Each structure stands twice: as structure tokens, then as C-alpha cells.
Amino acid sequence: MTDTADRRTLLADAAIETLARSGLRGLTHRAVDQTAGLPEGSCSNHFRTRESLLEAAVHRLAELDTDELATEPVDNPAVDEIADILNNLVGRFTTTDRDRMLARYELALESTRRTQLRTALIDSGARIRAIASELFAELGAPAPEVRAHAFVACLDGLIFDQLAGAGTPDRYSQHLNEIIRILLRSFIS
């Protein structure tokens, strides 16, 4: 990876991995360099401050989420089809893409103390909520923006509960699709 944009993306991905593995205390420029497999100083060359590194991680998370959601085609959406897609998405967020969610939660908590980071998180969350709002509008739900906001919060709560809360992953895996269907139906009517 010699292109500057590619290098920045690699470093943002490494920051996400470092956040998930070591939390905010473990997020240093040096740790990101090591995770990325780059020479020491690479991260600080592209992201001079810790704040800029945190913001890069937020932007990269938003980019990954938006790209992933855009690849899920839903023509003439039906509740069961959408529930299946969301079930797979939540399943990935709690297994193979678990690092993304853990990093997101680390960043969300830190954003309560950093205004600039909070703004970046709000902006990225708005993109996800806009996609959900469009979906609810297509499904004919009243007040799609309000319902999308609440629905995304509920899904986020399910994911958080499974990763860091009192929820039991085995129980979720058996009933997750049913839970999502119930949520979807309740938000549409």
C-alpha cells in the first residue's frame, strides 16, 4: 500500500482493531503502527493527534457500515426478507465483525468527553438512520424518521447486550430473527 489514501485506510482499520483489542488506553500511534505492520511513526505521520486518529476510526466505521448496508439489495421490501438481512447483519456484528462494534462502543463513550468526536459520531449515525428511514418509508410506516431512529437504537441495544451486557449469546442466536421480526412489525404499524 503506497497510496496515501490506502495507507490512511489501513491505519484507520488498525485503529479500530486496536480499540477493540486494547480499548482507549491501548490506542497509541505506536500500537496502531504495530497492528498495521507499518514502521514506527507511520500513524503519527498521517494522524498527528490522538483526536484525528479517533475521528479517522469513526469515519472508517461509518464508511464500512454504509458500504455494507448499500450492498444489501431490497426491492419491494417485505418484513421477513428485511428481518433475515438484519439478522445476518446483527449476527456478523456480534461475531466476525465484532471488533467494529467494540471499537464503536469505545468511541461512543469517549465522545461524551470530546465534542469533535461526538459530532463525527452523530454525523455517521445520521447516515445509518437515513437508510433506515428510507426503508421504513418504503414499508409505509408512519413517521419513518422517528421510527428509524428508535429502531436503530433498539438494534444497537441488542448488539450491545450481546457483546457487553447481560444477554446470553446462545439464547440470542436462537431467537434473534424472531426478535427482529417483532421489532420490525411493531415499528411499521
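The values are calculated or read from the model by the stated rules, or taken from the named source; none is laboratory data. Predicted, not measured: the structure shown is a model, and the values here were computed from it. Every residue, glycine among them, receives a Cβ derived from its backbone with ideal geometry; neighbour counts consider all protein chains shown. Ligands, DNA and RNA are excluded from the accessible area calculation, which covers all protein heavy atoms including side chains. Shrake-Rupley method; radii C 1.70, N 1.55, O 1.52, S 1.80 Å.
Considering every residue within region 73-88, establish whether at least one is farther than 23 Å from residue 128 by Cβ, of a type in the set (S, T, N, Q) and without any contact (Cβ under 8 Å) to a residue 12 or more places away in the chain.
There is no residue in region 73-88 that is farther than 23 Å from residue 128 by Cβ, of a type in the set (S, T, N, Q) and without any contact (Cβ under 8 Å) to a residue 12 or more places away in the chain.
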| Which condition does residue 68 not pass, out of (1) open to solvent by 40 Å² or more (accessible area, probe 1.4 Å); (2) within 14 Å of the chain's Cα centre (by Cα); (3) closer than 18 Å to residue 155 by Cα, if it passes all the others? | (1)
| said: Show the residue pairs meeting these rules: Cβ distance below 8 Å; 6+ apart or different chains; first residue within region 111-138 and under 22 Å from residue 24 (Cβ atoms) and free of Cβ contacts under 8 Å to residues at least 24 places away in the same chain; second residue open to solvent by less than 60 Å² (accessible area, probe 1.4 Å) and not in a helix (DSSP H, G or I). | reply: 118/111
| task | From (1) modelled with pLDDT of 95 or more; (2) in a helix (DSSP H, G or I); (3) open to solvent by less than 30 Å² (accessible area, probe 1.4 Å), pick out the condition that doesn't hold for residue 62. | result | (1)
| said: Yes or no: region 112-126 includes at least one residue that is assigned to a helix (DSSP H, G or I), among the basic types (Lys, Arg) and within 14 Å of the chain's Cα centre (by Cα). | reply: no
| message | Quick test of your reading of the structure: residue 21 fulfils all but one of (1) open to solvent by 60 Å² or more (accessible area, probe 1.4 Å); (2) within 27 Å of residue 136 (Cβ to Cβ); (3) in a helix (DSSP H, G or I); (4) not small (Gly, Ala, Ser). Name the failing condition by number. | response | (2)
| message | Looking at 100, 48, 114, 129 in this structure, which one is loosely packed, with under 15 Cβ neighbours inside 10 Å and not small (Gly, Ala, Ser)? | response | 48
